[in-house]
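Please read the structure below before turning to the comments.
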Amino acid sequence: MKAKKSDYPNDWSRPMVEVERLTKSYQGRQVVSGLDLQIRASELFGFLGPNGAGKTTTIRILTTLSRPTSGQVRLNGIDVVRQPTLAKAQFGIVQQHMSLNRDLTVRENLELHARLHHLPADKGSDRIEELLEYVEMSGYADQLIDHLSGGLKRRTMIARALIHRPRLLFLDEPTVGLDAQSRRRVWDLIRRMNRDGTTVFLTTHYIEEAESLCDRVGILDQGRLIAMDSPLNLRRRLGMVTVEAQNEETGTEYSFFPDRAAAASMWQGRAGHERIVMRESNLEDVFVELTGHKVMDG
């Protein structure tokens, strides 16, 4: 399943996603404001933001479901407005809601999708067997969708999105509602797809998911990209150590320091707090400090 440059008539040196000065307005309200974004080929990119930040609108434009008010979007060099059919051939998408045909088996769902992409019957059959093995679903191929667990359904949706060998895969909340074990198996599958050459564009409310999986994350707030870097570099900018000072009257106060020595020096001997907790900072700290929201806030 390992992708090779010879498998695609594409330029691997070109950014897979290019967004320039993208804006989108609804009824006079601008929900995406001058967005600039580049995602490298074979990158695993996370797109984060509070609800209402403009993430869904941006994804709809990238996947040709909505037209921008202004600006340009190119997928693998193809303009999504001028050449939407060619642009659609570049990507697969796994949506948050379950979109499989519940009256069909796993294999039948994949066969239907292969026909929609006009794969010849023999090539489609070979591709389906390849994908069933790839997502570890060969033993479930003839089961009805309604008989599958949530994790198996999600893996089926990923297999379906890969049927036409897209260079880019959009994953919208890929592990929402899954138990911890199923979530980690999906994480492993995402990592493997990315190692095999697929560019992944991930949106998630699980901040540890982005921190664990992504090469870089972009944080969107009020339609603007306010930060973009690796999770580690974003933490370094904030401070690698977080101190939580918990007080019954004022709540919890958060402070950030480059290291534990600096944190200990600052807080040593300070009185009046019920409890002081020192820990490593994380991407959620970065998110909250930049946006003023928790990840699940509306």
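The values are calculated or read from the model by the stated rules, or taken from the named source; none is laboratory data. Predicted model, so just to flag it, every value in this text is computed and none were measured. Neighbour counts are summed over all protein chains in view; Cβ atoms, including those assigned to glycine, are modelled from backbone coordinates with ideal geometry.
Can you tell me how many residues in the stretch 273-287 are at pLDDT below 95 and in contact with a Lys or Arg (Cβ under 7 Å, 6 or more places away or on another chain)?
Of the residues in that region, 1 qualify.
Given the conditions (1) under 17 Å from the mean Cα position of the chain (by Cα); (2) in a strand (DSSP E or B), report the number of the one that residue 53 does not fulfil.
Among (1) under 17 Å from the mean Cα position of the chain (by Cα); (2) in a strand (DSSP E or B), residue 53 violates only (2).
Which of the following residues is modelled with pLDDT of 90 or more, among the basic types (Lys, Arg) and surrounded by fewer than 18 Cβ atoms within 10 Å (Cβ to Cβ): 14, 74, 40?
Unique residue meeting the criteria: 40.
Contact list please: Cβ distance under 7 Å, first residue in the stretch 116-134 and in a helix (DSSP H, G or I), second residue among the β-branched types (Val, Ile, Thr), pairs at least six apart or on different chains.
Listed pairs, sorted by first residue: 127/163; 131/163.
Taking residue 30, is it in a strand (DSSP E or B), surrounded by fewer than 17 Cβ atoms within 10 Å (Cβ to Cβ), in contact with a Gly (Cβ under 7 Å, 6 or more places away or on another chain) and not charged (D, E, K, R)?
Criteria met by residue 30.
Somewhere in the stretch 42-56, is a residue polar (S, T, N, Q) and closer than 15 Å to residue 16 by Cβ?
yes
Could you name every one of the strands (runs of 3 or more DSSP E) located completely within the stretch 169-272 that has at least 3 residues being at pLDDT below 95?
241-247, 251-257
Table: residues versus (1) within 29 Å of residue 77 (Cα to Cα); (2) of a type in the set (Phe, Trp, Tyr); (3) in contact (Cβ under 8 Å) with a residue 60 or more places away in the chain.
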| position | (1), (2), (3) |
| --- | --- |
| 151 | no, no, no |
| 159 | yes, no, no |
| 187 | yes, yes, no |
| 196 | yes, no, yes |
| 208 | no, no, yes |
| 217 | yes, no, yes |
| 229 | yes, no, no |
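When the stretch 48-107 is examined, which residues are found to be farther than 16 Å from residue 203 by Cα, touching a residue at least 60 places away in the same chain (Cβ under 8 Å) and small (Gly, Ala, Ser)?
77, 89
Would it be correct to say that residue 260 is under 16 Å from residue 291 (Cα atoms) and either out of contact with any strand residue (DSSP E or B) (no Cβ under 9 Å at 6 or more places or on another chain) or surrounded by fewer than 19 Cβ atoms within 10 Å (Cβ to Cβ) (or both)?
Considered against the rule, which asks whether it is under 16 Å from residue 291 (Cα atoms) and either out of contact with any strand residue (DSSP E or B) (no Cβ under 9 Å at 6 or more places or on another chain) or surrounded by fewer than 19 Cβ atoms within 10 Å (Cβ to Cβ) (or both), residue 260 comes out as no.
Would it be correct to say that residue 92 is crowded, with 19+ Cβ neighbours inside 10 Å, closer than 29 Å to residue 40 by Cα, in the same structural domain as residue 16 (by TED's automatic domain parsing) and not hydroxyl-bearing (Ser, Thr, Tyr)?
Details: crowded, with 19+ Cβ neighbours inside 10 Å: yes; closer than 29 Å to residue 40 by Cα: yes; in the same structural domain as residue 16 (by TED's automatic domain parsing): yes; not hydroxyl-bearing (Ser, Thr, Tyr): yes.
Judged against the criteria, residue 92 is a match.
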